[in-house]
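All remarks here apply to the structure that follows.
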Amino acid sequence: MSDDEREERELDLTSPEVVTKYKSAAEIVNKALQLVLSECKPKAKIVDLCEKGDAFIKEQTGNMYKNVKKKIERGVAFPTCISVNNTVCHFSPLSSDETVLEEGDILKIFLSGNFFHMSNYVHGRNSDVTEAIQKVAAAYDCKIVEGVLSHQMKQFVIDGNKVVLSVSNPDTRVDEAEFEENEVYSIDIVTSTGDGKPKLLDEKQTTIYKRAVDKSYNLKMKASRFIFSEISQKFPIMPFTARDLEEKRARLGLVECVNHELLQPYPVLHEKPGDLVAHIKFTVLLMPNGSDRVTSHALQELKPTKTTENEPEIKAWLALPVKSKKKGGGKKKKGKKGDKVEESSQAEPMEG
C-alpha cells in the first residue's frame, strides 16, 4: 500500500476516529438547527438568525480537540443561510440588511452539516437515486429544481467527484458512479411549485464565496489584495460569508477577486414570486453494516393534497426507516476509550 493510499484510508470511514468526528459534528449541527428554529419568529431579522447559527457552531467546535498534539481544523463548513418562500438558496445577508421574517413564511434553514439516508441504494448507482427523486416529486405535482447536485464528501471537500443529479436534463451530465462502503454523501434536493428553473435576480445579494485554490492572478487594487490575503488566512478551503470580512474593503475587493475567478460565488437564486420552494439537505455515512443518516430534524407535520395510495413503489420508499441495516449486520468496531461525540468541523464537513 502506497503512502497516498494509506493516508486516504486513514481519512475514510474505516477509521473509528473519523466516524466519531462525523457523528460529533452531527450532534452540534442538530443543536444549532434547534437553536435557530427556536428564534424563527415574525419580525426576526434574518441576519441575526444566521449569525446565531454560525456563532453556536464556532463556539461548540472551538471547545473540542483542544488538547491533541496535531492541530485539527474545525469551525463552520458553510455559513448559515435562511431562504424564504420563492428564494431557493444561499441567502445569508450582510449585517446591515434589515430583511425580517413574516407570519406565514416558508423557510429553508441551511447549516454547515446534515446527513442522508440512502437505504438499500448502498450498492446502487447515482442514476437510480436521480430516478427515485424525480418519481417522488412527480407524484406530488412538484418540480425538482434544476442545477442542484448531491456530492460525495471527503475531508475538506464538500463537492467530491461522485455526483448525484436531482433531475436529469441535456445541459447537465454526470459520470455514472456506484456507491461504495465507507463513503460519505451530502444529498441536496430542492422542489418547487414553479417550473424548477431558478434565476439570479440581483448579484448584490451574493455574500457567500469559496476560494478557488487552483486559480491565480495578480490583483491590481489594494483593497482586493488586502481582502484576498484575509480570505487566504481565515478561509483557505471552505466557503465563507462576507460578513466575516472587513466590510468596507470587502465591498471593493470581492468584485475583482470574483471577476478573475479567484473566488467561486454562491449566488442567491429565486423562483417566480408566488412559487413555493422546499429544500432538504443531509448527509449519509455508508457504513459496512448499513446506511447511517447522522443529522436530522423532525419534519413538520403537514397534510399533503396528494396521496401515494396508488403508487406502491413510492409508498414503500416513504415507509423506509431513517437508518438501514444490512441483513446479517456487520461487526461493530469499538471506538477508542475516551472518544467523545464531537461536532461539525471543517475537517469533516457536514451540510444541512
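The values are calculated or read from the model by the stated rules, or taken from the named source; none is laboratory data. Keep in mind it's a predicted model, so treat the numbers as computed, not measured. For neighbour counting, all protein chains shown are included, and Cβ atoms are generated from backbone atoms with ideal geometry for every residue, glycine included. Accessible surface areas use protein heavy atoms only, side chains included; no ligands, DNA or RNA. Shrake-Rupley method; radii C 1.70, N 1.55, O 1.52, S 1.80 Å.
For Gly160, the conditions (1) part of a loop (DSSP other than H, G, I, E, B); (2) closer than 27 Å to Ile46 by Cα are fulfilled apart from (2). Criterion first (among the aromatic types (Phe, Trp, Tyr) and open to solvent by less than 50 Å² (accessible area, probe 1.4 Å)) does Phe226 satisfy it? Against the criterion (among the aromatic types (Phe, Trp, Tyr) and open to solvent by less than 50 Å² (accessible area, probe 1.4 Å)), Phe226 does not qualify. Gly62 meets all of the listed conditions (1) free of Cβ contacts under 8 Å to residues at least 24 places away in the same chain; (2) in contact with a strand residue (DSSP E or B) (Cβ under 7 Å, 6 or more places away or on another chain) but one, namely (2). In the set (1) open to solvent by less than 50 Å² (accessible area, probe 1.4 Å); (2) at pLDDT below 95, Ile208 fails one condition alone, (2).
For every residue, the table says whether it meets (1) in contact with a His (Cβ under 9 Å, 6 or more places away or on another chain); (2) surrounded by 14 or more Cβ atoms within 10 Å (Cβ to Cβ); (3) of a type in the set (Ser, Thr, Tyr); (4) assigned to a strand (DSSP E or B).
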position: Met153; (1), (2), (3), (4): no, yes, no, yes
position: Asn182; (1), (2), (3), (4): no, yes, no, no
position: Ser186; (1), (2), (3), (4): yes, yes, yes, yes
position: Val190; (1), (2), (3), (4): yes, yes, no, yes
position: Lys197; (1), (2), (3), (4): no, yes, no, no
position: Asp214; (1), (2), (3), (4): no, no, no, no
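Evaluating His270 against the criteria (1) open to solvent by less than 40 Å² (accessible area, probe 1.4 Å); (2) over 16 Å from Pro79 (Cα atoms); (3) of a type outside the set (Val, Ile, Thr); (4) out of contact with any Leu (no Cβ under 6 Å at 6 or more places or on another chain) leaves one unmet condition, (4). Among the residues making up region 276-306, those that are in a loop (DSSP other than H, G, I, E, B) and buried (at least 18 other Cβ atoms within 10 Å of the Cβ) are Val294, Thr295, Ser296. From the list Phe240, Phe156, the one residue that fits, being aromatic (Phe, Trp, Tyr) and modelled with pLDDT under 85, is Phe156.
Here is a yes/no grid of residues against (1) within 22 Å of the chain's Cα centre (by Cα); (2) aliphatic (A, V, I, L, M); (3) within 25 Å of Ser291 (Cβ to Cβ); (4) not in a helix (DSSP H, G or I):
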position: Glu27; (1), (2), (3), (4): yes, no, yes, no
position: Asn30; (1), (2), (3), (4): yes, no, yes, no
position: Gln34; (1), (2), (3), (4): yes, no, yes, no
position: Ser38; (1), (2), (3), (4): yes, no, no, no
position: Pro42; (1), (2), (3), (4): no, no, no, yes
position: Asp48; (1), (2), (3), (4): yes, no, no, no
position: Gly53; (1), (2), (3), (4): yes, no, no, no
position: Lys58; (1), (2), (3), (4): yes, no, no, no
position: Lys71; (1), (2), (3), (4): no, no, no, yes
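Here Ser232 qualifies as exposed (fewer than 14 other Cβ atoms within 10 Å of the Cβ) and in a helix (DSSP H, G or I). In region 287-298, the residues that are at positive phi form Cβ pairs under 8 Å with partners that are of a type in the set (S, T, N, Q) and part of a loop (DSSP other than H, G, I, E, B), at six or more places apart or across chains, as follows: Gly290/Ser324. Filtered by the rule that a residue be in contact with a strand residue (DSSP E or B) (Cβ under 9 Å, 6 or more places away or on another chain) and of a type outside the set (A, V, I, L, M), region 206-229 gives Thr206, Thr207, Tyr209, Lys210, Arg211, Lys215, Phe228.
Inside region 107-127, can you point out the residues that are modelled with pLDDT of 85 or more and closer than 27 Å to Thr307 by Cα?
Looking only at region 107-127, we keep the residues that are modelled with pLDDT of 85 or more, and these are 107-110.
Leu107, Lys108, Ile109, listed by residue number.
Here Arg251 fits the description: open to solvent by 50 Å² or more (accessible area, probe 1.4 Å) and charged (D, E, K, R).
Applying a threshold of 6 Å to beta carbon distances and a minimum spacing of six or more residues, or different chains, the list of pairs starting in region 225-237 at a residue that is under 18 Å from Lys58 (Cα atoms) and ending at one that is at pLDDT 95 or above and surrounded by fewer than 13 Cβ atoms within 10 Å (Cβ to Cβ) is empty.
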